[in-house]
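Following: one structure in structure tokens, then a few remarks.
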Amino acid sequence: MLEELRLRGLGVIDDALLEFGPGFTAITGETGAGKTMLLTGLGLLLGARGDAGLVRRGFERAEVEGRLRLDADSPAAAHVIARLQDTGADLDDGSLLAARTVSAEGRSRAYLGGRGVPVSVLSEVADDLVAVHGQAAQRGLLRPAVQRGVLDRYAGAPVRSALTAYRELFSRLSTVQAQLLEVTSRRRDRVQEAELLRYGLAEVDAIDPQLGEDAALRAEIERLAHVEALRRGADVAHAALAEGEPDGLTLIAAARRALDEVRGKDPTLDALGVRLADVSYLLADAAADLSSYSDGLAADPLRLEAAQQRLAQLTALSRRYVPASDGRIDDVIAWALDARVRLSSLDGDDDRVGELSAEHDRLIHELALTAMQLSAARATAAHALEEAASTELAALAMPHARLHVLVRHRDDPAGLLIDDPATGTNRRVAFGASGIDDVEILLESHPGATARALHRGASGGELSRVMLALEVVLAGSDPVPTFVFDEVDAGVGGRAAVELGRRLAALARTAQVIVVTHLPQVAAFADRHLVVSKTTAGETTVTSVNNVDGPERLEELARMLAGLPDSALGRGHAEELLAVAAAAKQVA
């Protein structure tokens with residue numbers, strides 16, 4: 001239930017506080033007083049798109065705050081509480097605090113339970129708590145998709161479960177169809193790709209490169225190309241260490257002997273002697289290695305040529321298959337591994353087509369069965385909705401009107417073939433994300449009249465009452481704690497207006513109902529009456545909202561009836577309306 005709504009700096013509203021209660025609340029006021037801006041503010045709180053043009057002149061931002069009381073036992077509240085836990089928002093003594101700001105620069109912020117949240121979360125939570133209906137909702141009711149949604153909401157679990165199963169199959173079928181199209185439509189390209197991969201892999205296999213082989217070959221070629229220079233350098237180094245007089249090893253030995261003569265006299269000098277011993281061993285090993293290196297170094301022109309040819313082959317492979325790899329043969333080997341995997345996938349196309357085709361046929365069969373189950377559930381619900389809504393229309397001063405809810409398959413010559421048990425024939429139908437059905441609501445305004453589609457045969461007043469009748473019926477199967485109606489009484493007057501007020505009061509027994517109305521017959525049935533008024537001082541216009549009762553309410557109803565708040569006849573008529581409404585609510 002919406003308990004409070006506070007608006008600051010929004011349009012013509014400087015600062016207004018609306019306090020709501022359970023039951024039926026009517027909001028009235030002169031045209032242009034700001035009733036629409038109240039609903040605009042509520043829309044912002046429910047996640048509507050923000051607009052910098054809504055910010056009142058002289059304010060940095062428009063602010064909307066609301067307090068919603070949650071009934072812990074209701075399914076809607078349970079879903080909302082679970083969503084709040086995901087966002088980290090908290091309840092305040094069983095109430096949910098929501099806020100929305102729109103800056104003069106157009107930046108928007110949303111808050112739930114003291115935490116900043118995306119506007120989409122605000123909208124998601126609000127959808128479970130408040131249903132807003134206005135002229136746009138009436139126009140929306142003219143669309144077949146909305147009418148199908150109305151029927152599905154009314155049908156409840158039977159349609160919901162069938163629709164869930166259908167959509168899962170439909171999604172899987174769409175995926176399989178896309179995969180099948182991709183495999184078959186690109187078959188030629190995939191064959192060509194497979195041939196190129198086979199050619200490349202055959203070339204790689206013929207050369208048989210090894211990891212790191214190119215680097216090893218470059219090192220070998222460099223060595224073989226400079227054999228004489230390398231041998232000469234090794235021989236000179238060896239001679240310096242172990243040949244001639246004096247050589248490096250002899251000098252180190254002399255130094256060690258000199259230190260050995262004074263060993264034990266000074267620890268520092270002893271340590272240097274140890275280091276000389278280490279140097280001596282290292283030089284001896286180096287001299288031996290230089291000798292061995294020089295002895296094993298031999299010119300081999302044939303091996304040099306073979307290494308150069310092998311490196312040329314590896315370089316050509318690298319340039320051909322991994323041109324961006326700086327000639328590394330390891331990248332060629334990695335390419336070959338990936339190519340084998342890709343080739344295996346391409347070679348399996350025929351098997352893949354067969355698997356996908358079988359899966360496609362299976363899904364088509366299951367989807368057709370599920371679609372017929374969904375249609376049957378809708379047809380059953382359609383009959384019940386017709387009866388319930390027609391009963392509600394009778395309570396809204398349309399005693400002879402009837403609603404007809406038609407469920408038809410969408411025929412399509414290029415569609416899928418199904419067995420239609422209703423006709424005992426096969427027919428081709430179009431499958432969509434919501435099934436194979438088109439749903440149309442028709443209005444038969446009086447006996448003998450032709451039932452016509454709402455967008456063709458319903459006046460504004462009739463459409464308002466049809467929408468309210470459907471909403472009352474849906475309230476029992478898909479309950480929302482709060483209903484907000486914006487000028488649901490458009491095009492309605494006289495006795496129909498009284499019946500409209502009576503029905504809104506009946507709906508308010510099970511839900512909170514907030515109605516913006518111009519009709520005193522509707523406002524008289526309200527449990528709480530808020531009046532929006534506008535005052536102008538100089539260049540400043542301020543809108544205020546007041547809760548009226550007693551003489552003030554009589555004065556407002558008289559104004560709505562006669563246009564004159566002080567009219568004695570108007571006040572008398574207002575008193576009569578209030579008495580009729582009070583008596584009607586007691587009887588109910």
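Just so you know, all these numbers are worked out from the coordinates, no wet-lab data involved. Quantities reported herein were computed from a predicted structural model and do not represent experimental measurements. With ideal geometry, Cβ positions are generated from the backbone for all residues, glycine too; neighbour counts draw on all protein chains shown.
When the Cα positions of PRO267, ALA299, HIS238 are compared along the charge dipole of the range 216-303, PRO267 comes out farthest toward the positive end, with charges on each C-beta of Lys, Arg, Asp and Glu.
So what does the Cα-only Debye profile of the range 77-195 read at q = 0.17 Å⁻¹, as log10 I(q)/I(0), no solvent term? Debye intensities relative to I(0), on a log10 scale: -1.04. The slack in the chain from GLU60 to THR450, taken as 0.36 nm per residue of separation less the alpha-carbon distance, amounts to 134.7 nm.
How much FRET efficiency would the formula 1/(1 + (r/R0)^6) give for ALA225 and TYR281, where r is the Cβ-Cβ distance and R0 is 30 Å, rounded to 0.05? Approximately 0.30, to the nearest 0.05. Using alpha carbons only, the radius of gyration of the chain set against its Kirkwood radius gives Rg/Rh = 1.35. Helix 568-587 axis versus longest C-alpha principal axis of the chain: approximately 70°, rounded to the nearest ten. Once you list every other residue whose beta carbon is under 15 Å from the beta carbon of SER103, what net charge do they have if Lys and Arg are +1 and Asp and Glu are -1? Result for the neighbourhood of SER103: +4. Cross-link partners for LYS534 among the lysines, with Cα-Cα distance under 26 Å and sequence neighbours closer than 8 places in the same chain left out: LYS35. Once C-alpha pairs closer than 8 Å and six or more residues apart are averaged by separation and normalised to the residue number of the chain, the relative contact order reads 20 percent.
Using the Cβ-Cβ distance between GLU305 and ASP235 with R0 = 30 Å, the FRET efficiency computed as 1/(1 + (r/R0)^6) comes to roughly 0.70.
Measuring nothing but alpha carbons in the range 370-459 and taking Rh as the Kirkwood radius, the Rg to Rh ratio lands at 1.06.
Could you estimate the translational diffusion coefficient of the range 495-588 from the Stokes-Einstein equation, with Rh from the Kirkwood formula over C-alpha pairs, at 4 °C and 1.567 mPa s, in whole µm²/s? Please list the in-between numbers first.
Numbers: Rh = 14.0 Å.
Once the numbers are plugged in, D ends up at 92 µm²/s.
Helix 227-242 versus the longest principal axis of the chain: what angle, 0 to 90°, nearest 10, using Cα atoms? Here the helix axis deviates by roughly 70 degrees.
Taking K and R as +1 and D and E as -1, what net charge do the other residues with C-beta under 11 Å from the C-beta of VAL488 add up to? Write out the running numbers ahead of the final one.
Numbers: positive: ARG465, ARG503; negative: GLU471, ASP486, GLU487, ASP489.
Charge balance near VAL488 sits at -2.
In the range 232-346, Rg over Rh equals 1.38, where Rg is the alpha-carbon radius of gyration and Rh the Kirkwood radius from pairwise Cα distances.
Over the range 192-347, Cα pairs under 8 Å with separation of 6+ residues give a relative contact order of 38 percent.
At 222 nm, what value in deg cm²/dmol follows for the chain if DSSP H runs of at least 4 each add -39500 (n - 2.57) and the sum is divided by all its residues, to the nearest 500? Before the final figure, lay out each step's value.
Working: 20 runs with 334 residues, N = 588.
It lands at -19000 deg cm²/dmol.
Counting every other Cβ atom within 10 Å of each residue's Cβ, VAL150, VAL488, VAL542 order from fewest to most as VAL542, VAL150, VAL488.
Going from the fewest other Cβ atoms within 10 Å to the most, the residues THR268, THR250 appear in the order THR268, THR250. Counted by neighbouring Cβ atoms within 10 Å, the residues LYS35, LYS585, LYS534 run from fewest to most as LYS534, LYS585, LYS35. Taking a quarter of the surface of the Cα convex hull of the range 429-524 gives a mean projected area of 8.3 nm². Taking Cα atoms only, the orientation of helix 551-562 departs from the longest principal axis of the chain by about 80 degrees.
The magnitude of the dipole of the chain, with charges of +1 and -1 set on the Cβ of Lys/Arg and Asp/Glu and taken from the Cα centre, is near 2360 debye.
The Cβ shell under 14 Å around ARG328 holds other residues with a net charge of -2, Lys and Arg each +1, Asp and Glu each -1.
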